[in-house]
Amino acid sequence: MKTVGPVHLRDVLADFEKSPHVMAKRVARFRETMADKKARAGKIARQLAKSYAVAECALRHESPYQLLAATILSAQCTDQRVNLVTPALFQRYPTVQDLAEGQQADVEQIVRSTGFYRAKAANLIGMAQGIVTNHAGEFPRTIDELIQLPGVGRKTANVLLGTAFGIASGVVVDTHVKRITNLLGLTQSANAEQIERDLIELLPSKEWVNFSHRLIHHGRKICIARRPKCPDCPLLSLCPRVGLPPLEEV
Ligand code: SF4
């Protein structure tokens, strides 16, 4: 199976010198109109839906409480690692009320392997106390309320609203979504909030939740960081592969 190795600017420039016609075709993609780009984004969403029919959140959870706690733990940590840790966390603290009364040291010990465990333990307890104290134990359903909770930013709030409540409040932009949407030429930004704005403009709101889940699966299976499997990719005909060397030369 062919894979693409690390990309350096000098290689891209060398490719340009060797294959200006190929590069010109790819550069032309950048000049597509907004209508063209929207149409292409729609095709990408449909192809992703075919390739990843079940668009599930990779964090195992059975309730909004569990999903929010798992998402807080997923910062700078793999979902697999979080899934190894959360069963013990939810066994010790089955409800948000239990976690609100948790002791920092006890929570730290459980979440230690997810990294940044002191801050995460404090955020988990603070989030639970915020839910119990300010929302009577119910999870709020707006971004503005959710981002007041410790450890909850826009991305985490979007995950909870989209996945637990089916509310399309925005597009979840994690490291996979950030990388792949740039490769796909759907954005030219490294800033998560700008990428979210770009995707919101390109996709209808009904696509927002599943588009992210599917891109995250795609980033794990095919469009892997530093070694994307472009020849095997179902999005190849829709992807300008921004910043990667021409496939013909790989
Ligand atoms: S064609 Fe390559 S760069 Fe584009 S989405 Fe597929 S794997 Fe990623």
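Each value in this text was obtained by applying a stated rule to the coordinates, not by laboratory testing. Here the structure is a predicted model, which is why all the values come from computation and not from measurement. With ideal geometry, Cβ positions are generated from the backbone for all residues, glycine too; neighbour counts draw on all protein chains shown.
Once you have the Cα-Cα distance between residue 34 and residue 141, take 0.36 nm times their residue separation minus that, and quote the gain in nm to one decimal.
Answer, rounded to one decimal: 35.3 nm.
If the chain between residue 247 and residue 133 were fully stretched, how many nm would it gain, using 0.36 nm times the residue separation less the Cα-Cα distance?
Working it through step by step, the gained length comes to 35.5 nm.
Once you have the Cα-Cα distance between residue 197 and residue 81, take 0.36 nm times their residue separation minus that, and quote the gain in nm to one decimal.
38.8 nm is the gain from fully extending residue 197 to residue 81.
Which FRET efficiency value, to the nearest 0.05, do you get for residue 113 and residue 60 by plugging their Cβ-Cβ distance into 1/(1 + (r/R0)^6) with R0 = 22 Å?
According to the calculation, E is roughly 0.85.
Take the alpha carbon atoms of segment 31-79, find their center, do the same for segment 195-240, and report the distance between the two centers in whole angstrom.
8
Name the residues whose placed amide hydrogens come within less than 5 Å of the amide hydrogen of residue 137, ignoring near sequence neighbours (fewer than 5 apart) on the same chain.
The answer is 132.
When 37, 120, 206, 43 are ordered from fewest to most other Cβ atoms inside 10 Å of their Cβ, what list results?
Arranged by neighbour count, lowest to highest, 37, 120, 206, 43 become 206, 43, 37, 120.
If all Cα-Cα distances of the chain are sorted into 10 Å bins from 0 onward, what percent lands in each bin, rounded to whole numbers?
With a bin width of 10 Å, the distribution comes to 7, 29, 30, 20, 11, 3, 0.
For residue 220 and residue 88, FRET efficiency with R0 = 25 Å and r from the beta-carbon atoms, rounded to 0.05?
According to the calculation, E is roughly 0.55.
Could you please rank 56, 108, placing first whichever residue has the fewest other Cβ atoms within 10 Å of its Cβ?
56, 108
List, in the order given, every pair from 120/206; 155/206; 37/221 whose Cα-Cα distance in the structure shown is over 27 Å.
120/206, as the Cα separations exceed 27 Å there.
Once you sort the root eigenvalues of the Cα gyration tensor of segment 64-165 as a ≥ b ≥ c, which label holds: rounded (a/c under 1.5), prolate (a/b larger than b/c) or oblate (the other case)?
oblate
For the chain, calculate the relative contact order in percent as a whole number, restricting contacts to Cα pairs under 8 Å that are 6 or more residues apart.
27
For 230, 223, what's the fewest-to-most ordering of other Cβ within 10 Å of each Cβ?
230, 223
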